[in-house]
Amino acid sequence: MGVIDLDAFAHEVGVDDPVAVAGLCTRGGGPAGVRTVAAPSGILWVQPDEMIVCCGAGTPVDELVDALAEHGQTVALPAGGTVGGALSVGHSDHRRLGYGPVRDVLLQARYVSATGDVVKAGGPTVKNVSGFDLCRLLVGARGTLGFLGEVILRTRPLPPSSQWMSAPATDPDTVFTRLHRPVSVLWNGTTVWALLEGHPFDVAEQADAAGLAACAGPPPLPQGSRRSVPPAAVVDQRGEFVTEVGVGIVHHAEPWSAPPRSARVLELTRAVKAEFDPTGRLNPGIDV
Amino acid sequence: MTEALAAELRLALSPDRVRTNSTELGLYRRDASNIEGSASVVCFPLTVAEVQAAVLAAARHGVPFVARGAGTGLAGGATPLDGALVIATTKMQRVLSVDAVHRMAWVEPGLLNLDLTREVTALGLHFAPDPSSQQSCSIGGNVANNSGGPHCLADGVTASHVLGVEVVLSDGSVVQLGGEEPEVEGLDLRGAFVGSEGMFGIATKVLVRLTQNAPTVRTMLMDFASVEAGAQTVSAIIAAGMVPAALEMMDQLCVQAVEEYIHAGLPVHAAAVLLVEVAGLPHGLEADVARIVEIGPAHGAGTVRIAQDEAERALLWKGRKTAFGAIARIKPNYYLHDTVVPRRMLPEVLRQVYAIADRYQLLVMNVFHAGDGNLHPLLVFDKREPGVMERVHAAGEAIVRASVAAGGVLSGEHGIGLEKRDFMPLMFEPADLAAQAAMRRAFDPSGLANPFKVLPSPAACGDAQHVPPGAWV
Ligand SMILES: Cc1cc2nc3c(=O)[nH]c(=O)nc-3n(C[C@H](O)[C@H](O)[C@H](O)COP(=O)(O)OP(=O)(O)OC[C@H]3O[C@@H](n4cnc5c(N)ncnc54)[C@H](O)[C@@H]3O)c2cc1C
Ligand SMILES: Cc1cc2nc3c(=O)[nH]c(=O)nc-3n(C[C@H](O)[C@H](O)[C@H](O)COP(=O)(O)OP(=O)(O)OC[C@H]3O[C@@H](n4cnc5c(N)ncnc54)[C@H](O)[C@@H]3O)c2cc1C
């Protein structure tokens, strides 16, 4: 089991000049033209009977997923990048319906603050309401409030079986409402796909009840934009898209600009940033 | 000053929903904890506009304000300090809209937890967080305390079931945090608000996530000759890759009290009983039941009772849910603690809890969410006994310290409030606390929203310096 030297990471982040943090850069890494640091990586420990794991934020998610699989567990983070990147971007993958959002995964974080201090947020247990929920604020903050160094994450058991199913469908809700806690339901306007997990007999019976047949896997997700809409608006999509039914994420071929956030939300956001990084030295230029 | 504030509120709300007479104020001196304060005025708004008016009036008079739901909090969160204005949500109890297909509902903050579930039962849905107080606590209180319950083991606590919240901030502005859109760019301000114990603003509407009822449910009761064996069974079930819907434990004194109260045929001679509930689709459920009835006896379970019908299931749960009522028959007062420890530390920490109670000559009973290591040691006493309160508090502090020293946390669901405020330095360094204070300032720069809770004052920080070094984790 590794050792994570947070003091060294804090030293690297420093105390006054602009600095960026990058993971595997699958989401572009930090802002360009700024001195860039990388978070420590490595798995510190896995505690399968507590369903938690502790690792450096620089650890690749794929490496973590492999290590957890040896214990029959996994973690609800999108593949491909680093743990810190996945948390800081805060986008769940297509299994959010069943596995929950990325923000529910982070239990404790040790991060380096704008003043170069190592700060702890949250706690090491699955249930914890000791103080304000700073972890929730760090997830999705794109490294603008602090650089994640070491994290404790909630794991989940791997299912006994897992199968993608599909059927033609002009209305995804008829399939969606017949399934009990599917892991994912995707729809592109003409076909519905569902990822069902659990006991193989249950998976088969659920598929029958909803008129689904086994298929190879999910459709490719269009890459033009990832839109966040009310789940009820999923059926109103036009063009080339795949939506996450019951969640409200739309993967669309066309670019999109999100509706503006309210002025008061933006003001609150700026107030948070001003409290955590008054000089704007962390990931400068990234506007959350 | 109080009169001027009250007069302004009477105009903005209505005279009958603004109270200042001392008898009525007395009812709002504290929540369900023993920590008393004093309110100068209590008001009962009906709308977000009235909440705004109340907050603005408090700000104009420089008076702190405290949101109050049902007052069942156990950490002094709703206790008004310094003659605060109490803004009670008890008259804001409507379900505003329900989307049965996408399983969400907008509700007002004063709605009682169980009333929400009742409202959507016919749709095959429920609100997953189920505190033992669910008949009487409000959704607004659940949000502010990020409350949990027996069934949060599999489904997560309140934070996972709140999609959005409309908030009146301390400057009187109204803002919606989160919403129906799942992952809007920007900071998760909704997530930051959940668990803020009334110190970030007042929730005036909540968008809750509703959960599908399980098609099949099985409830089992196992008894053990030792508390350790019960705790080891809990760990073994989780280690086997199962996450039951609920895993609750009661120790002998508690079982005896409950049995005397409800006559459910509970094993009163066992050192501990474990209530295990699994829920889901039938085949997976049967497979889990089969494994659990093997794991239990392999770890020392004497008998395994499986509820044969809904009536028996309800009876077993009644035992768990009426524990507090049953205990009230033994001694008139109880002090309910709430800490979390890693599951594998349950046997060790429970041993310490018994030793601590012994040392302070108190009766302790344990009824708790074993599945997530969430201890609820219940100290029972008669407060008329001279000197007993000092012993109760000293024992409580020892339990909190033992839990944190075992790698646990201060609170699993009741929150920090006033009760555990000065213990925060056991878990957090000054820099960690400063970050939490920064969050608060961003939401409430005026500091008028429920002040003096959660974050220790600098003086209290100094107080914790006598913590033995071994207590730090
Ligand atoms: C095969 C593959 C599949 C993928 N599938 C999905 C998917 O299903 N859903 C999805 O959402 N994404 C998916 N991704 C994208 C990607 O893996 C994630 O979005 C990931 O979150 C980005 O991680 P990264 O390490 O590449 O981050 P980077 O691109 O390096 O950084 C992203 C942002 O996070 C910040 N950041 C990085 N590390 C830290 C840190 N330690 N502390 C604070 N901030 C930090 C950076 O400054 C930057 O702002 C996939 C990628 C691949 C290659
Ligand atoms: C017998 C008993 C059993 C209990 N069991 C459990 C349990 O199993 N799990 C659990 O988690 N808790 C439990 N509790 C504690 C308590 O019921 C919960 O904390 C509950 O969520 C409090 O709700 P309330 O409406 O009574 O809030 P209150 O006590 O009125 O207030 C609690 C806090 O929330 C704030 N608040 C209230 N409404 C709002 C609002 N609209 N906006 C902003 N802030 C607000 C208050 O300022 C205060 O800080 C139990 C309590 C009792 C007495």
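The values are calculated or read from the model by the stated rules, or taken from the named source; none is laboratory data. Remember, predicted model here, so these are calculated numbers, not experimental data. Note: ideal-geometry Cβ built from the backbone for every residue, glycine included; neighbour counts use all protein chains shown. For accessibility, only protein heavy atoms count, side chains too; no ligands or nucleic acids. Shrake-Rupley method; radii C 1.70, N 1.55, O 1.52, S 1.80 Å.
Here's the picture: a label point sits 7 Å out from the Cα of A:Asp287 along the beta-carbon direction, and within the stretch A:242-274 the residues with their amide nitrogen under 20 Å of it are A:255-274. Pairs of Cα atoms nearer than 8 Å and 6+ residues apart set the relative contact order; for the stretch A:46-119 it is 23 percent. Counting charges near A:Glu275 (Lys, Arg +1; Asp, Glu -1) among other residues having Cβ under 15 Å from its Cβ returns a value of 0. When the trypsin sites (Lys or Arg not before Pro) in the stretch B:345-395 are filtered for DSSP coil states and for at most 10 other beta-carbon atoms within 10 Å of their beta-carbon, the remaining sites are B:Arg384.
Expressed as a fraction of 2.2 N^0.38 Å, the C-alpha radius of gyration for the protein assembly as shown is 0.92.
Rg and Dmax of the stretch B:216-325, both derived from C-alpha coordinates alone, stand at 13.0, 37 Å. The local environment of A:Val13, defined by Cβ-Cβ distances under 11 Å, has a net charge of -3 under the rule Lys, Arg +1 and Asp, Glu -1. Within the protein assembly as shown, antiparallel bridges make up roughly 90 percent of the DSSP beta bridges whose residues both belong there. Restricting the stretch A:1-96 to GluC sites (Glu not before Pro) that sit in a DSSP loop and have at most 13 other Cβ atoms within 10 Å of their own Cβ leaves A:Glu70.
For the stretch B:2-88, a crude dipole built from +1 on the beta carbon of Lys and Arg and -1 on the beta carbon of Asp and Glu, taken about the Cα centre, is about 60 debye to the nearest 20.
Among the aspartates and glutamates, select those whose C-alpha is under 18 Å from the C-alpha of B:Lys420, and discard any that sit fewer than 8 residues away in the same chain. Answer for B:Lys420, where 18 Å is the Cα cut-off: A:Asp133, B:Asp31, B:Glu36, B:Glu197, B:Asp338, B:Glu390, B:Glu397, B:Glu429, B:Asp432, B:Asp463, listed by chain and number. Karplus-based coupling profile of the stretch B:400-414, in residue order and whole Hz: 4, 5, 5, 5, 5, 5, 7, x, x, 10, 5, 8, x, 7, 7, with θ = phi - 60° in 6.51 cos²θ - 1.76 cosθ + 1.60 and x standing for Gly or Pro. Each of A:Ala204, B:Gly179, A:Thr190 was placed along the dipole of the protein assembly as shown (beta-carbon charges, centred on the mean Cα), and the one lying farthest toward the positive end is B:Gly179. Local charge for B:Asp444 was computed over the other residues whose Cβ lies under 12 Å away, with Lys and Arg +1 and Asp and Glu -1, and equals 0.
Over the protein assembly as shown, DSSP H runs of length four or greater, each weighted -39,500 (n - 2.57), average out per residue to a 222 nm ellipticity of -8500 deg cm²/dmol.
Accessible area ranking (1.4 Å probe, heavy atoms, ligands and nucleic acids excluded), largest first, for A:Ser228, B:Ser226, A:Ser162: A:Ser162, B:Ser226, A:Ser228. For chain B, a simple Cβ point-charge model (Lys and Arg +1, Asp and Glu -1, everything else neutral) yields a dipole of about 660 debye relative to the Cα centre. Here, chain B has an Rg and a Dmax of 22.5, 69 Å when only alpha carbons are counted. Backbone geometry of the stretch B:92-100 corresponds, through the Karplus equation with coefficients 6.51, -1.76 and 1.60 at θ = phi - 60°, to 3J(HN,Hα) couplings of 10, 10, 8, 8, 8, 7, 10, 10, 6 Hz, x marking Gly and Pro.
Computed over the stretch B:132-198, relative contact order equals 33 percent, with contacts defined as Cα pairs under 8 Å that lie 6+ residues apart. Given R₀ = 35 Å, what would the calculated FRET efficiency be for B:His393 paired with B:Glu312, taking r from the Cβ atoms and rounding to 0.05? Efficiency, from the Cβ-Cβ distance: 0.30.
When the protein assembly as shown is described by a simple charge dipole with +1 on each Lys and Arg Cβ and -1 on each Asp and Glu Cβ, the residue from B:Thr2, B:Ala323, B:Met220 located farthest towards its positive end is B:Thr2. With R₀ fixed at 41 Å, the C-beta to C-beta distance from B:Asp171 to B:Glu259 puts the FRET efficiency at about 0.15. Could you state, as a whole-number percent, how many of the C-alpha pairs of the stretch B:109-244 are farther apart than 21 Å? So the portion of pairs separated by more than 21 Å is 50 percent. The trypsin sites (Lys or Arg not before Pro) of the stretch A:1-98 that meet both conditions, a loop assignment by DSSP and at most 12 other Cβ atoms within 10 Å of the site Cβ, are A:Arg35. Placing pseudo-labels 7 Å out from each Cα toward the beta carbon at A:Val65 and B:Asp358 gives an inter-label distance of 5.1 nm. For chain B, relative contact order (Cα pairs under 8 Å, six or more residues apart, normalised by length) works out to 14 percent. Can you spot the lysines whose alpha carbon is less than 28 Å from B:Lys91's alpha carbon? Ignore those fewer than 8 places along the same chain. Partners within reach: B:Lys205, B:Lys321, B:Lys453.
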